[in-house]
1. Could you please let me know if T79 is without any contact (Cβ under 8 Å) to a residue 40 or more places away in the chain and of a type in the set (S, T, N, Q)?
2. Could you go through the stretch 13-25 and let me know if any residue there is at pLDDT below 85 and touching a strand residue (DSSP E or B) at 6+ places or on another chain (Cβ under 7 Å).
3. Taking the options P36, P65, P55, name whichever one is modelled with pLDDT of 95 or more and surrounded by fewer than 14 Cβ atoms within 10 Å (Cβ to Cβ).
4. How many residues are under 18 Å from the mean Cα position of the chain (by Cα) and of a type in the set (D, E) if we restrict to the stretch 120-155?
5. Tell me, please, whether a residue that is assigned to a helix (DSSP H, G or I), farther than 14 Å from V138 by Cα, in contact (Cβ under 8 Å) with a residue 40 or more places away in the chain and more than 16 Å from the chain's Cα centre (by Cα) can be found in the stretch 61-71.
6. Can L117 be described as within 20 Å of the chain's Cα centre (by Cα) and not aromatic (F, W, Y)?
7. Name the pairs whose Cβ atoms lie under 7 Å apart, with the first residue in the stretch 114-136 and within 15 Å of A60 (Cα to Cα) and touching a residue at least 24 places away in the same chain (Cβ under 8 Å), the second aromatic (F, W, Y) and open to solvent by 60 Å² or more (accessible area, probe 1.4 Å), and 6 or more positions between them or separate chains?
8. I need the full set of residues from the stretch 20-35 which are of a type in the set (G, A, S) and either in contact (Cβ under 8 Å) with a residue 24 or more places away in the chain or over 16 Å from E146 (Cβ atoms) (or both), in order please.
Amino acid sequence: MTRQTVDETREARATQAVGAAIQDLAAARVGRALLPVAGLLLLATLRWAFGGGQPGLRVALAGAPPAVAAMLAYAVRLTRRGFGAADEWWMPLAAVAGFVPTLYGFFCLGWMGVRPLMQRDAGWATPVAFIVLGWWCVRAWMKVVELERLSRVMRTAVPGEGGT
C-alpha cells in the first residue's frame, strides 16, 4: 500500500468515527428532548379535554408536531454533516427549523405558564406544569444545538477536512 492510500483509509475511518459519535449523541439528546414535548402535548390535550378554553391552547396542541419534525430534521442534518456529506437543498431549512422547538418551549413556558399565574386565572398546578415542561423543552433542545459546535470541532480535527 502506498502512503497516500494509508492516509486516505485513515481519513475515512476518522470521518466514520466522528459521524458515529455525532449520530449517537444526537439520537440520545433528541430522544431526551422529545420527552418534554410529549409532556406538553399531553398536558395541553388534558387541559383541552377537561379544562376548556384557555387562550393559546390550540397553539400548544398544534405546535408539538412541528417541533418534533424540526427536531428530527435538525438531527438528521447534524448527523449527515458529521459523516461528511455534502449539503443538500433541505439542510438550510432544517437549520432554520431548529428555532421551532425553542419557540414552542418558550410559548408554553410564557403564555401557557407565566401568564395565567400573573393573571391568577384559575389554579396554579397547570401553569407550573407548563413552566417546568416548557423550560425542560428549551433546555433539552439547547443541548442538541450544542452538538452543532461539537460536530464542527470534531470535523476540523479529522485529517483532510481542515484539521491536522
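The values are calculated or read from the model by the stated rules, or taken from the named source; none is laboratory data. On a predicted model such as this, the values are computed, not experimentally measured, just so you know. Every residue, glycine among them, receives a Cβ derived from its backbone with ideal geometry; neighbour counts consider all protein chains shown. Note: accessible area is taken over every heavy atom of the protein model, side chains too, but ligands, DNA and RNA are not part of it. Shrake-Rupley method; radii C 1.70, N 1.55, O 1.52, S 1.80 Å.
1. No.
2. Yes; the residues of the stretch 13-25 include at least one that is at pLDDT below 85 and touching a strand residue (DSSP E or B) at 6+ places or on another chain (Cβ under 7 Å).
3. From the options P36, P65, P55, the qualifying one is P65.
4. 2
5. No - not one qualifying residue is present in the stretch 61-71.
6. Against the criterion (within 20 Å of the chain's Cα centre (by Cα) and not aromatic (F, W, Y)), L117 does not qualify.
7. G134/F106
8. Matches in the stretch 20-35: A20, A21, A26, A27, A33.
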